[in-house]
Each structure stands twice: as structure tokens, then as C-alpha cells.
1. Return the ratio Rg/(2.2 N^0.38 Å) for the range 261-388, where Rg is computed over Cα atoms only.
2. Go through the range 65-77 residue by residue and turn each phi into a ³J(HN,Hα) via Karplus (6.51, -1.76, 1.60, θ = phi - 60°); whole Hz please, and just put x for glycine and proline.
3. Note down, for the range 125-223, the three equivalent ellipsoid semi-axes (square root of 5 times each alpha carbon gyration tensor eigenvalue), biggest first, whole angstrom.
4. Per residue of the range 421-433, in order, report the coupling 6.51 cos²θ - 1.76 cosθ + 1.60 (Karplus, θ = phi - 60°) as ³J(HN,Hα) in whole Hz, putting x for Gly and Pro.
5. When a footprinting reagent is the concern and you count Cβ atoms within 10 Å, what order do HIS422, HIS325, HIS312, HIS247 take, fewest first?
6. May I ask you to evaluate 6.51 cos²θ - 1.76 cosθ + 1.60, the Karplus curve with θ = phi - 60°, for each residue of the range 133-147 and list the ³J(HN,Hα) values in order in whole Hz, giving x for glycine and proline?
7. Can you compute the helix-only [θ] at 222 nm over the chain? Use -39500 (n - 2.57) per DSSP H run of at least 4 residues, normalise by all residues, nearest 500 deg cm²/dmol.
8. Could you list VAL363, VAL208 in order of exposure, starting from the residue whose Cβ has the fewest other Cβ atoms within 10 Å?
Amino acid sequence: DEDDVRGCTKFRFVILILGLLCLVVLQANVLLINLAFICMSDDPSGLYDAGNGTMLNRFDYEPKQKGFIISVVAIGTILGAFLFNWLHQRFGARYARSIDNLFYRTLRLPFFAAGLISAVCTAATPSLAEHSYAALIVGRFLLGVSFSADFAAAGVICVAWAPLSETATFIGVLLSFGPIAFSFTNPVVGAFCTSSFGWRASFYTFGVITCVLFTIWLIVYKDEPRNHKFVTKSELKCIEANKTDEHVNRDGFVPYRDICKNKTVIVVWINSMIEVNTVIILLTYAPTYFNKVLGFTVAETSFYSSLGSIIHSPLKILVAVLSDHATCVSERLKLCFFNTIATALAGLACLSIGFVPSREMGVAALTLTCTLMAANAGGFLKCGVLVSRQYSHFVMSQMQMTKCFAHLIGPTMVSLLTSSDHDSQGWRNVYMINCGLLIVANFLFYPFATDEPAAFTKITKGTRKVEKKEKKKMKKEKQAEMRE
């Protein structure tokens, strides 16, 4: 085929990896400060005279201050979700000449804008921290605004570029951005902290990397595979195989009310919020828990706190591939099986963190919890995409909202249940509560798990117009009958 000389037949994986890298740096920029807290508190440049000869360090934050520095990102993310939705609509209404152009502009430009904001805020963090606590809060808020684009971007990439037979694979790869970011962020920050460059250099480095990756994104990405010069006819046929006309020929319409009323979608969102809440607590506070409670050094903490993420990412992709290619059992059974591992078994492992007799076993228990959660790619995440099909970008974007609430709930839970960073009993209570929530989420999933597209996937702009006309016609006929 002459068309096949335009490019490789696997170009969708180039888009997949590029999207993953962009998502990874967005997450990493949010996480940098977690381990940096430890290094910042020992930075002599932050010392100042508070009066009466008392020397304080402006970088040595109280637990509640740290909690707000972390949770303000979630506030920015919630507001940012509304901002980027407005940008999507604005760009589409003003510049689109066709549906293809609408989608092209919808993700490409706003996602690039998110990356640019993230890069600037990350590079400016050391200066903001030196200026004042309030300035740092503003910077973290804007970082949260940029972070709001992550799940929606992953959803759009899945809708447009993933064949149905590779749904879990795309989900597994794209949504492994969090664990991947966790796995290398702490070691990198730890290396900078213990070197002559200092903790500030980690923020400058990630700011530059973010700029480079999102510039490549702006050049390479298009929402519609059929419009990309490197996508061959054979690959396009693979991408669109077994997809409905409504899925392939998306018209930009989203039946929000119908989706939000769907019981399976609601349960998927509940599972997402509870699981993400646990992940945020485990990975965000792992450096603090290992250093303050278990007594590991900064170097040991930077390594041990990354173990769960290092194992999680490849395992998540492996689970995704197995879920897509295992044909010996039904799709529904696979969904329930992997979801049980990701929630119920992970919950029991989480419970054990606070009760194991040695600090080495504490590391093992936390690592095991993060590892088991990798199975979510074949559980509720895959279920959400299969049920919502062409509208899965909206379902996944709302997972970002649940993630925002989890960013608020997690730090709040830790600050309420722990009196200090060293409070081992308080941490034990945190792990117990999360165990219970994960088990409840798993049992809620069983009755509603399905791989069949929901009824709302048949709703398009055209069918909704016809439906409204029919209702209007019936209303007029009924009024006429009443007058008679």
C-alpha cells in the first residue's frame, strides 16, 4: 500500500509514550517538595533572627503548614479542571472548522499550556519559598491548576488512539505516570540534596525537562489519528476496529447527566477516589514515615520510599497486557479478579504497615500495598473505559476530580489523626481506616462490574435532538388532547 510508506504501523505507541512522559513530569513537579522538605529544614541559608537571639529556619515548616502546601495543589486542580474545560469549549467554538480541527485544538493547546505553567511554577519554587510562605502557597496553587489536565489528557488519548483490544494496555501505561514519577523523584531529589548542587537544583532541572517535553508534544501530537501523516491506513484500521460509528465519528457532544446517573460509572468513581486517597497517603508521606517513625536516614528514605513505585509501574503494564490478552475467562470475571487484588488485598496489606514488628517489614508492607494496587489497570479503570467508550475521556476527567478530593482528604486525615510526624499510633489509625475503605470499595464493585457499553454510548448530538423533538411533539399532542 502506497500509504504505508508515510510512517510505521505502530505510531500510536509513539503518542502513548510521549503522553506518558508529559504526564510523568506533571506529577513529578508536584512531588518534588515532599522529600525536599527534609533537606530544606537543614538549609542554613534559611536561618533568620526571630528576636531575643532565637534563630529560626524559614524552610522548617510545621506539620499543618506542610499539609497545606501539599493540599493546596488539590484546590488548584479542582479550579483548574473547570478552567481547562472552559478552554476546550472556547477554542472549539472559536477556531474549529470541522470536528477534526476541534479535537486537534482541544487537547493539544490546553495541555501544552498546562505544561508551561507547571514548568514555570516548578523552576520558581525555590525563589517563592525564600520570599515567603504565602508566595510558596500561590506557586503550589498554580501548580495544581496545571496538574488538572492529567486524567482528561489520558482519557482523550485512549479514546482517539487506543484500539479496543489494547484498552487496558493504554490505560495501564498512561496511568502509571504517578508511580513512575514517585519512583524516580525521591532518589533524584535525594541525590541533589546530598550533592553540592543542593535541593534548589532539583526544581530547576525538572522545570527545564518539562519545557522540552511539552514543546515536543506541541509539535508531534494530533487528536485524530486519521489526520496524522505518520499513521498508515493499516494502523488506522487497527485503531478503529470494532468501534461503533458513534465512537469513531465523535461529534463533541457529551451526555453528562446520563453518564453521571449510571451506577457502574458511579462505582468506578468511588473506587478511584478511595484507592487514590490511599496511594496519596502512602507515597506522599512515605518519606516522612520512614524518616521520622521508622528512623531511616535521608539517603535510605529516598530509596525505600521509591520501592513501591518502582515495582508498581512495570507490574501495572504487565497486568494491563494480561487483561487484554487473557481469553480463558470472561471479561467480567477478569475485571472482578484484578479489582479484588487492587483494593481488598491491597487494603489488608495497608493494614499491616502499622502492626509489623520491624522497620524493614514496614518497608515491605508499604511496598506490597503499592504493588498490589497496580492491578487497578485491569479492574475499575478498564471497566470505566469499556462502559463509557467514546465518552471515557469525561469519565476519566472526573477521576481527576476524585483525585482532587483525595488530595484534600488524605492530608486532612493525616493531620487530624497524627499529633506529630513521630506519632506511630496516629499513623496506625490512618492505615486502618484506609484498609476499611478499600475493602468496602471492592464489594461495591462486584454487582456493577461489566464490559458492555452503557446505554448512554448510543446517545449523540443527533439522537438527542431527535429525542427533544419527539418530546416536544408529544407535549403538544398532550396539550391538544387536554384542550379537546
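1. Working: Rg = 15.9 Å, N = 128, 2.2 N^0.38 = 13.9 Å.
Ratio of Cα Rg to 2.2 N^0.38 Å: 1.15.
2. Those phi angles translate into 5, 4, x, 6, 4, 6, 6, 5, 4, 5, 4, x, 5 Hz.
3. Working: eigenvalues 194, 55, 34 Å².
In descending order, the three semi-axes are 31, 17, 13 Å.
4. Karplus-based 3J(HN,Hα) across the range 421-433 equals 5, 8, 6, 5, 5, x, 5, 4, 5, 4, 5, 5, 4 Hz.
5. On the way: HIS422 14, HIS325 11, HIS312 25, HIS247 18.
In order of increasing Cβ crowding within 10 Å: HIS325, HIS422, HIS247, HIS312.
6. 5, 5, 5, 5, 4, 4, x, 5, 4, 5, 4, x, 4, 5, 6
7. Working: 20 runs with 349 residues, N = 484.
Taken over the chain, the calculation gives -24500 deg cm²/dmol.
8. Values: VAL363 24, VAL208 12.
With the fewest neighbours first, VAL363, VAL208 line up as VAL208, VAL363.
Computed from the coordinates by the stated procedures, all read-outs in this text should not be read as laboratory data. This structure is a prediction, so every number in the text was calculated from the model and none was measured. FYI the Cβ positions are ideal-geometry reconstructions off the backbone, even for glycines, and counts take in every protein chain you see.
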